[in-house]
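The values are calculated or read from the model by the stated rules, or taken from the named source; none is laboratory data. Because the structure is predicted, anything quoted here is derived from the model rather than measured. As a convention, Cβ positions derive from the backbone with ideal geometry for all residues, glycine included, and neighbour counts pool all protein chains shown.
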Amino acid sequence: MGYQSVNPFDGKLLQTFVELSDAQLEAKIATATACFESWKHKSYAERAVIVNKAAAIMHDRADELAHIMTLEMGKRINEARGEVEFSSNILAYYAKNAAKFLAPEELHPVIGDAHMESTPIGVIFGVEPWNFPYYQLARVAGPHLMAGNVLMVKHAGCVPQCAIAFEKIWIEAGGPVGLYTNLLITHEQTETVIDDPRIKGVALTGSVAAGRSIAARAGQNLKPSSMELGGSDAFIVLDDADLDHTVKWAVWGRMYNGGQTCCAAKRFIVVEALADKFLERFKAALGALKAGDPLDEATTLGPLSTEAALVQLLEQVKVAVAHGAKVVLGGKRIDRPGSFMQPTILTDVKPGNPAFRDEFFGPVAMFFRVKNEDEAIALANDSDFGLGGSVFTKDIARGKRVASRVETGMMFINNISWSDAELPFGGIKDSGYGRELGDMGIQEFVNKKLVRYAAVEAPV
Ligand code: NAP
């Protein structure tokens, strides 16, 4: 534990940070609570001024913010800039649409009239991961601040500079003190925050283990929670897929963000007729990626976020092989400074191999050969996870049929353009519950209140 910036490209320690004392944490919770008392009374238009300003700051400072992210967790610089722009767009999207999403909704009872209104509930606590250091924050800040809640966030231990930079944006945007609070706190203090009666909801994005622990704590306190957890998404290739198109998406789907994406394509399930050709081309494309400095725009393979992440991934590959998997590409760390992993393909991963049910959070693809569409769907569904998935076919109606039969929160046909501000994001099973983004994302932490008027006498 602890908050440290270490550059995974060369292993150099950039900065360490001291965690908050319990007294400092208490003061911050008190400030956020006081802030809510005035923020909840602001109109949507007043809130939008600040949220739009934060969006503009992110846009204007995209280079600087991206640079911090690349140094702290190794994201390739072009992807880092894209993430900052996307985060800015998410904030602007909620500034524009919150009033519409949360407008009172007329109901039509048999007697009298009624409506639902959506009111903020208080201080929301977010616990967020390092893999998209700004996007994960924007995904909670945009909707929940526009809804009239205020936010306190514990970010991951390895991205404290990004966490602090995001908090500063809100201060600079003119947000009142306590509107958005970054918390450098321990896991134990996280429990204290969840237990605190002034905290009214808990949003986690992270691993299944963290989800079990934090959802349980929120549950004990009868607080609403949303859980965005891991995934092992299937990438289904049917016999009529366009291979040129499909292999490009396969590479992007597995390798974007160094393979460290919850809804990355992780299980490549290919129908017999195309299996050999797909594997050959996928292998060649992954093998051609060149490791280098993630600050250099020409680099096609960056480091993993931390040395610990690399060590864990190598161990998972070792265990998979010990249980019968075959390595047909890569499998090792790259012989150079920094936390680099060879792009890797595993085949022959059978049920009973821990890899069959695991999430590989890095550049490791599992390849499965199946006889037909039905077998592909059955295998895709044989997973503890249920986040996303994709299907590649020239027949769009067939793609939609297959998408309907795969048990996940999101399915993509002939692409895996996972995330847009206007599209709900989230999963089922061990991938968690609740949705972020879109209209649904802003409904997670509001009181949906019924108000009814009826001119009737009380029954005697
Ligand atoms: P992680 O270890 O669960 O960490 C995520 C956050 O939870 C960090 O801030 C971490 O803090 C905190 N945390 C972990 N255990 C905790 C505990 N017992 N008490 C309090 N806080 C705790 O996840 P990760 O390995 O960094 O991130 C990758 C995982 O996130 C993957 O499984 C990925 O699939 C998932 N993910 C899901 C989504 C989605 O939208 N579904 C998006 C991105 C990532 P520390 O860093 O201080 O430990």
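Quick notes
- Selected residue (criterion: nearest to ASP382 (Cα to Cα)) from residues of the range 246-302 that are among the β-branched types (Val, Ile, Thr) and touching a strand residue (DSSP E or B) at 6+ places or on another chain (Cβ under 7 Å): ILE269
- Which numbered condition VAL153 misses (of (1) in contact (Cβ under 8 Å) with a residue 60 or more places away in the chain; (2) within 10 Å of the ligand (Cβ to nearest atom)): (1)
- Test: residue in the range 404-418 that is part of a strand (DSSP E or B), of a type in the set (Ser, Thr, Tyr) and within 25 Å of GLY206 (Cα to Cα): no
- Residue-level analysis places GLU83 among those that are in contact (Cβ under 8 Å) with a residue 40 or more places away in the chain, of a type in the set (Asp, Glu) and buried (at least 20 other Cβ atoms within 10 Å of the Cβ).
- The residues of the range 196-236 that are more than 17 Å from the chain's Cα centre (by Cα), in a loop (DSSP other than H, G, I, E, B) and either within 17 Å of LYS266 (Cβ to Cβ) or basic (Lys, Arg) (or both), listed by number, are ARG198, LYS223.
- Filtered by the rule that a residue be surrounded by fewer than 24 Cβ atoms within 10 Å (Cβ to Cβ) and part of a loop (DSSP other than H, G, I, E, B), the range 364-387 gives LYS371, ASN372, ASP382, ASP384.
The rows are residues; the columns are (1) assigned by TED's automatic domain parsing to the domain that holds GLY211; (2) away from the ligand (no atom under 16 Å from the Cβ).
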site	(1), (2)
PHE360	no, no
GLU373	no, yes
ALA376	no, yes
ASN381	no, yes
GLY388	no, no
GLY399	no, yes
ARG405	no, yes
GLU436	yes, no
PRO459	no, yes
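- Pick from the range 187-214, criterion small (Gly, Ala, Ser) and within 11 Å of the ligand (Cβ to nearest atom), ranking: nearest to ILE442 (Cα to Cα): ALA203
- From VAL6, VAL18, residue being closer than 26 Å to GLU188 by Cα, within 16 Å of the ligand (Cβ to nearest atom), surrounded by 12 or more Cβ atoms within 10 Å (Cβ to Cβ) and of a type in the set (Val, Ile, Thr): VAL6
- Count of the range 237-257 residues which are assigned to a helix (DSSP H, G or I) and either within 15 Å of the ligand (Cβ to nearest atom) or of a type outside the set (Ser, Thr, Tyr) (or both): 14
- Candidate set from the range 261-303 (those that are in contact (Cβ under 8 Å) with a residue 60 or more places away in the chain and in a strand (DSSP E or B)); member that is farthest from ASP240 (Cα to Cα): LEU301
- Within the range 392-411, the residues that satisfy the criterion of being touching an Asp or Glu at 6+ places or on another chain (Cβ under 9 Å) and crowded, with 18+ Cβ neighbours inside 10 Å are PHE392, THR393, VAL402, THR408, MET410.
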